[in-house]
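Let me begin by presenting the structure, written as structure tokens, before commenting on it.
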Amino acid sequence: MKTPVPDYLNHVLSACHDNKKGALADYIPELASVNPDKLGLALSTVDGTIYSAGDDDVEFTMQSLSKPFAYALAIKELGLKQVLEKVGVEPSGEAFNQISLEKERNIPKNPMINSGAITTHSLIPAKKTVSRAEQLRRFLSGLAGRELSFDEQVYNSEIKTAFRNMSIGYMLRTVGVLDEDPKEIVHGYIKQCAIKVTVKDLAVITSILANGGVHPKTGKRMLDRALVRQLLSVMLTCGMYDAAGDWLTTVGIPAKSGVAGGIIGVLPGQVGIAVFSPKIDEHGNSVRGVRIFENLSHDMGLHLMEGTPSAQTILQSRYTVGKKNNVVVYELRGVLQFTESEMLLRILQDEPEGKSTIILDLTNLTLMHDVGARMLFEGVDRLKQDGHKVLVVDSEGLLDKDQLKGRKRVVVTEELEKFLEKYE
């Protein structure tokens, strides 16, 4: 069988495709000419599996999606304490390009608004032969696993209309936050915003964040765990600007948006998500991207406040019985929410087509999330389509009536081994 996750992602895109609201970021001339209909989605798991749909290979500029990673690089190089002396962590409740500072310390309120991002860019240690933007490009390339590049056309276009950012730069220099020429810093910041990515690149990067800073495929630690926690915390409270409160209550996933139409989200221990759709709302957030995140959060139970500890594996054991070894038993354990369900479906897709009997034993599960039940029975249906007979053993009554939705389950009153003797 094939896991239904890609089909679900395509379904989400279809449900949001006809939303024509929002407008292109036409205050950056080059972004005013992009195709407004592009729509891409990618999802990564903590073991490094990437699912994607739609325009998943289309490159677009990161814009403000670069802000959290510049923040991460500054902390990595200087330490959190030194960065906090220049940039706060308080939500501003203001637009991303608001010209404002903390009243008491005269520093930017957080690294996600432009004043904080320009300051953060200046904190990346200067090198004679490598610009700060180039340092960030190399850093992001290492996380993405491929060489990223700059979009020079977007960069040059944005430079021509960077009057507000230049005003912010000179304000920061006036109050002593910047120690260098504001023009050089602002131009460097705009250059970092012109780094090109796809949603699949961002899914790889967010899988590292979801996995606590460890690359899920190589096992190499890319970022310190405490740094990841700091980064995701600031993304949760400040990443969606003056829409952060609405985002937290409806979506509940640490996230960051960019005016080119990208949004990334990271649910620690579970998933990384990246979307791309160019039309943005009054907050600077992708209209269709926001809707996609709302659907994903609702459908898959991904809201942070619903989170339960995720298991490293859902499969306790797999064994065969019967004279012809044609009965396959999967003993599951722990909790079954999206992460574990995806893992189980990926294991089940390795079952070859045939007429064997497959038994899914839920006895040792302690919790079944609604999305876990939906994905479990989707797997059951697909195994049946492949010719298998499938039995779901739920002796403890873990599945409730709403999760069953008329489907059948088997209750075994004796030891499972005795139940299976009929197949010998």
| request: Express in % the proportion of alpha carbon pairs of segment 315-423 at distances exceeding 17 Å. | output: 50 percent
| Using a Gaussian network model of the chain with C-alpha springs under 10 Å, which one of SER207, SER115, SER233 is most mobile by mean-square fluctuation? | SER233
| message | Please compute the contact order of segment 4-300 in relative form: average sequence separation of alpha-carbon pairs under 8 Å and at least six residues apart, divided by the residue count, as a percent. | response | 27 percent
| note | Taking a ≥ b ≥ c as the square roots of the Cα gyration tensor eigenvalues, with a/c under 1.5 meaning rounded and otherwise prolate when a/b beats b/c or oblate if not, segment 13-89 comes out oblate
| query | LYS191: which aspartates and glutamates have alpha carbons under 13 Å from its alpha carbon, excluding same-chain residues fewer than 8 sequence positions away? | reply | GLU134, ASP151, GLU152, GLU158
| Highest-MSF residue in the chain out of ASN325, ASN165, ASN285 [GNM, Cα springs under 10 Å] | ASN325
| said: Quick check on my link table: of LYS81/LYS183; LYS2/LYS408; LYS2/LYS279; LYS86/LYS256, which ones sit more than 31 Å apart, alpha carbon to alpha carbon? | reply: LYS2/LYS279
| said: Using DSSP to call loops (not H, G, I, E or B), can you name the trypsin sites (Lys or Arg not before Pro) in segment 94-195 whose Cβ has at most 16 other Cβ atoms within 10 angstrom? | reply: LYS103, ARG105, LYS127, LYS128, ARG146
| query | Over segment 4-300, what percent of the accessible surface lies on carbon and sulfur atoms, probe 1.4 Å? | reply | 49 percent
| Separation of the SER149 and LEU404 label points, Cα + 7 Å toward Cβ, nm | 5.9 nm
| field | Whole-number percent relative contact order across segment 315-423, with pairs defined as alpha carbons under 8 Å at least 6 apart | value | 26 percent
| So who's got an amide H within less than 5 Å of the one on VAL412, skipping anything under 5 residues away but keeping other chains? H placed 1.01 Å off N, in plane. | ASP394, SER395
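Over segment 22-168, calculate the relative contact order: mean separation of alpha carbon pairs under 8 Å at least 6 apart, over the residue count, as a percent.
Here the relative contact order equals 23 percent.
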| message | Using alpha carbons only, how many angstrom separate the centre of segment 193-235 from the centre of segment 364-388? | response | 30 Å
| In segment 318-379, which GluC sites (Glu not before Pro) are in a loop and have at most 11 other Cβ atoms within 10 Å, using DSSP for the loop call? | GLU353
| query | How much length, in nm to one decimal, is gained on full extension between LYS127 and ASP299, taken as 0.36 nm per residue of separation minus their Cα-Cα distance? | reply | 57.2 nm
| query | What residue among PHE293, PHE150, PHE377 shows peak mean-square fluctuation when the chain is described by a Gaussian network model with Cα springs under 10 Å? | reply | PHE377
| message | What are the extents of the Cα atoms of segment 193-339 along their three principal axes, in Å, largest first? | response | 66, 32, 27
| request: Work out from phi, with θ = phi - 60° and the Karplus expression 6.51 cos²θ - 1.76 cosθ + 1.60, the ³J(HN,Hα) of each residue of segment 342-349, listed in order in whole Hz, and give x for Gly and Pro. | output: 4, 4, 5, 4, 5, 5, 5, 5
| query | Taking only protein heavy atoms and a 1.4 Å probe, what accessible area per residue, in Å², does the chain have with all protein chains in place? | reply | 43 Å²
| task | Can you figure out the FRET efficiency of ASP57 with PHE163, using R₀ = 45 Å and their beta-carbon distance, to the nearest 0.05? | result | 0.85
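The values are calculated or read from the model by the stated rules, or taken from the named source; none is laboratory data. Since this is a predicted model, take the numbers as computed values, not measurements. With ideal geometry, Cβ positions are generated from the backbone for all residues, glycine too; neighbour counts draw on all protein chains shown. Just so you know, the surface numbers come from the protein's heavy atoms only, side chains and all, with ligands and any DNA or RNA stripped out. Shrake-Rupley method; radii C 1.70, N 1.55, O 1.52, S 1.80 Å.
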